[in-house]
């Protein structure tokens with residue numbers, strides 16, 4: 001089929017693909033494949049599917065990724081359907097693109113986790129076409145849900161994000177930073193388990209062997225990689241400086257999009273978006289969707305703090321808050337910690353005392369917010385005061401009771 005990019009206006013041919021999907025042009029812009037950009041439904045490039053790619057029997061063409069065509073193929077040894085990404089012709093002769101492709105496979109292969117897509121193989125065909133074989137996911141992506149429904153409920157957003165956090169915790173343990181967390185890169189398997197994919201932009205901290213195996217790795221150092229709508233402020237300046245907190249920022253931006261159906265700072269010119277992420281104050285999600293709770297606002301705003309020292313410092317910390325939110329707790333773990341940092345010792349004691357009861361009886365906290373003297377700590381102090389007053393009164397009564405005169409006792 002022949003299509004025209006709505007951004008650079010380049011007319012080019014791609015293989016015919018079924019159903020709605022997103023296309024990435026060579027100019028770097030992504031856009032939905034619809035009637036507005038399709039010039040010719042079928043063209044000379046549309047041919048019969050190859051029978052095999054390497055040892056893999058081709059079953060169907062799934063669509064197009066950022067760098068290659070994606071096929072559904074049959075794995076002869078595992079006897080299962082898998083996804084095969086074959087590098088596009090326009091990238092196949094480019095050393096940097098091939099380097100990124102291989103590097104992506106090596107980084108992905110380091111991780112074996114239920115919330116990260118599995119990699120089975122990376123090889124060349126007899127025609128010297130590079131391909132990557134990975135887990136075949138049938139549940140669609142977060143972006144598909146957004147395209148269909150417009151937004152995702154608060155509870156489902158927290159559930160999806162908690163699964164992403166578990167994958168990022170595993171990546172952190174291996175010093176891997178994804179650098180491109182977004183709805184399109186979060187997919188589901190047949191059981192609804194969310195999985196992180198496309199580690200092509202990832203970096204491995206403190207691993208010169210992997211990072212220097214390709215020349216493309218050297219070009220990553222001073223470039224701002226990722227997707228502008230979800231990119232952290234520091235990532236726009238220097239991709240090398242990114243750590244796990246950049247992924248947390250991008251996940252926060254993704255959650256914002258999921259909850260509201262809108263990008264945190266809109267969409268459009270990449271340079272302008274980068275500026276907004278770095279300088280413009282973020283409006284809480286509840287200002288866009290009224291039914292979003294204050295606790296979710298707190299989570300998103302902390303994820304997307306401009307200063308990364310004020311964000312969640314690890315995916316594990318964010319995961320604990322998301323689980324607490326899903327469990328219906330009214331005090332999130334990371335905010336309990338932050339709240340007590342600068343408090344006097346007696347205030348910390350009060351906070352810890354109240355938390356024990358509030359966790360067991362959440363409705364008690366709401367009552368205490370309306371009438372502070374009804375908080376567990378206040379009631380405990382009141383009870384303690386009553387007991388002490390009673391003991392002191394009893395002591396004074398005993399002291400004031402007159403004894404019998406000695407001479408009267410002797411006379412008797």
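What follows draws every value from the coordinates through simple rules; no lab data is involved. As the structure is a computational prediction, the values presented were derived from the model and not from experiment. Don't worry about glycine lacking a Cβ; one is built from the backbone with ideal geometry, like all the others, and counts go over all protein chains shown.
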### Summary
Simple spin-label estimate for residue 297/residue 396, 7 Å along Cα→Cβ, in nm, reads 5.0
### Query
What are the semi-axes of the equivalent ellipsoid for region 92-151, taken as the square roots of 5 times the Cα gyration tensor eigenvalues, largest first, in whole Å?
27, 16, 11
### Task
Rank these for me by crowding, 98, 27, going from fewest to most other beta carbons within 10 Å.
27, 98
### Task
Please give the peptides 138-147, 243-252, 103-112, 282-291 ranked by average Cβ packing (other Cβ atoms within 10 Å per residue), highest first, as a rough proxy for protection.
243-252, 103-112, 138-147, 282-291
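Can you divide the C-alpha Rg of region 297-337 by 2.2 N^0.38 Å and report the result to two decimal places?
Relative to the rule-of-thumb radius for its length, region 297-337 sits at 1.08.
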## Note on the structure
Taking 0.36 nm per residue of separation between residue 289 and residue 356 and subtracting their Cα-Cα distance, the length gained on full extension comes to 20.8 nm
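Packing-wise, with mean Cβ within 10 Å as the measure, how do 270-280, 318-328 rank, highest first?
Per-residue Cβ counts within 10 Å, averaged per peptide and sorted highest first, yield 318-328, 270-280.
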### Task
Please work out how much length the chain gains when fully extended from residue 59 to residue 37, using 0.36 nm per residue of separation minus the C-alpha to C-alpha distance, in nm with one decimal.
5.2 nm
### Query
Can you give the FRET efficiency for residue 270 and residue 383, using 1/(1 + (r/R0)^6), R0 = 51 Å, r = Cβ-Cβ distance, to the nearest 0.05?
0.25
### Task
Report the extension gain between residue 78 and residue 240 in nm, rounded to one decimal, defined as 0.36 nm multiplied by the number of residues separating them, less their alpha carbon distance.
54.5 nm
### Task
Just order 253-260, 310-317, 187-194 by mean Cβ neighbour count inside 10 Å, highest at the front, would you?
253-260, 310-317, 187-194
